[in-house]
Amino acid sequence: MSRYSEEKQIARQEIGLYRHTHSGVIALSGEDRLQFLHNQTTNDIKNLKSGQGCEAVFVNSTGRMLDLATVYVTEENVLLLVSAKRTQFLMEWLDQYLFPMDRVSLKNVSEAYSVYSLMGEKSSELIQNIGVSQLLEQPFATHEMTMINEIPVRVVAGTELGIIGYTLIVNSQQESALKNTLTEAGAVMISEAVWEELSLEQGRPLPEFEITEDYNPLEAGLWKAISFDKGCYIGQETIARLNTYQGVKQRLWGLHLSQAVAAGTPITLDGKKVGKLTRVLETEAGVKGLGYIRTKAGGEGLNVAVGEAEAEVVAVPFLTHPE
């Protein structure tokens, strides 16, 4: 088994540790922070309590995607885990909706925090062994500040890939100490290449690939990040209309390809274009990709052409679509 395959197996079946290089962190403080964020995103934020969280999508006025974020509500503020490439854009985008009477402050705190994923089937064992048992079996994004070997760490239930595990947010100055503690306890560092393959296999949409202003979150399979009962927010009318009238014309799917082709290559069925490949990766297990495919063309099990390649359409765990 290659080191690459070994790391991938560790991330799923043992205890993998990955340092996020793709995440930014935004802090919102002030009395109106929950209501403000509630009005700018797709999920129900204002009813979250301290220690709770959720995924939410930032969309524009026509319901097209800007970024997928994870929200963590604390006693003092709200922490937003966003895409590093979109952090500054979102800071500016949120700022334009702040009015003088809003009691909200925004701050990019990406440099102050380091974010890790502790993942794999045995990650809960490690968490218990180092004295953090209160988050076992808790809902996704439930979180708590705790001490790990005298290091203050915000431990979060779940990972952003949907793989079993935990997200850890630590002061950057204490990152090395935390990393050493976890690796000494049995965690194995996972490379960027393995994380990239896992994200594609799971189907997590990424900015500049699946998350762009060409698509909406229903097409991207992000239904669990949307509340249809929360009332008005930016882009709400479009998303509500698509849901009510079953207007989702394309969906994001996984693809197993016979050979590598370039991202952006049209997906065709019987010679007719039915979609577009958004991401592709050559792996030891073959060529894998993600792409948007027209709903009427079909879904899981469909055989399509992607340029010179043949491909089978497969479901990916991170995404949800209504039946």
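The values are calculated or read from the model by the stated rules, or taken from the named source; none is laboratory data. Remember, predicted model here, so these are calculated numbers, not experimental data. Don't worry about glycine lacking a Cβ; one is built from the backbone with ideal geometry, like all the others, and counts go over all protein chains shown. Note: areas computed on protein heavy atoms with side chains; ligands, DNA, RNA excluded. Shrake-Rupley method; radii C 1.70, N 1.55, O 1.52, S 1.80 Å.
Listing for the model above:
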quantity: Percent carbon-and-sulfur accessible area, the chain, ignoring ligands, DNA and RNA, probe 1.4 Å; calculated: 46
quantity: Cα-based equivalent ellipsoid, the chain: semi-axes from gyration tensor eigenvalues, Å; calculated: 32, 28, 15
quantity: Net dipole in debye of the chain [+1 Lys, Arg Cβ; -1 Asp, Glu Cβ; about Cα centre; nearest 20]; calculated: 700
quantity: Per residue, in Å², the accessible surface of the chain once ligands and nucleic acids are set aside, probe 1.4 Å; calculated: 46
quantity: Spin-label pair residue 95/residue 259, simplified geometry with 7 Å Cα→Cβ offset, distance in nm; calculated: 5.0
quantity: Solvent accessible area, Å² - residue 105, 1.4 Å probe, full protein context; calculated: 60
quantity: log10 of Debye I(q)/I(0), alpha-carbon scatterers only, for segment 188-323 at 0.16, 0.18, 0.19 Å⁻¹; calculated: -0.81, -0.98, -1.07
quantity: For segment 142-161 and segment 50-86, distance of Cα centres in Å; calculated: 18
quantity: Square roots of 5 times each gyration tensor eigenvalue, C-alpha, segment 57-215, largest first, Å; calculated: 29, 20, 14
quantity: Positive-end residue of 23, 43, 2, charge dipole of segment 1-136 with Cβ unit charges; calculated: 2
quantity: Residue-by-residue Karplus 3J(HN,Hα) for segment 265-278, coefficients 6.51, -1.76, 1.60, Hz, glycine and proline x; calculated: 5, x, 9, 10, 9, 6, x, 10, 5, 10, x, 8, 6, 9
quantity: Equivalent ellipsoid semi-axes, segment 30-69, via Cα gyration tensor eigenvalues times 5, rooted, Å; calculated: 19, 11, 7
quantity: Cβ crowding within 10 Å averaged over residues, with 185-191, 253-259 ranked highest first; calculated: 253-259, 185-191
quantity: Ordering of 263-271, 221-229 by burial proxy (mean other Cβ atoms within 10 Å per residue, highest first); calculated: 221-229, 263-271
quantity: Area accessible to solvent at residue 292, 1.4 Å probe radius, in Å²; calculated: 0
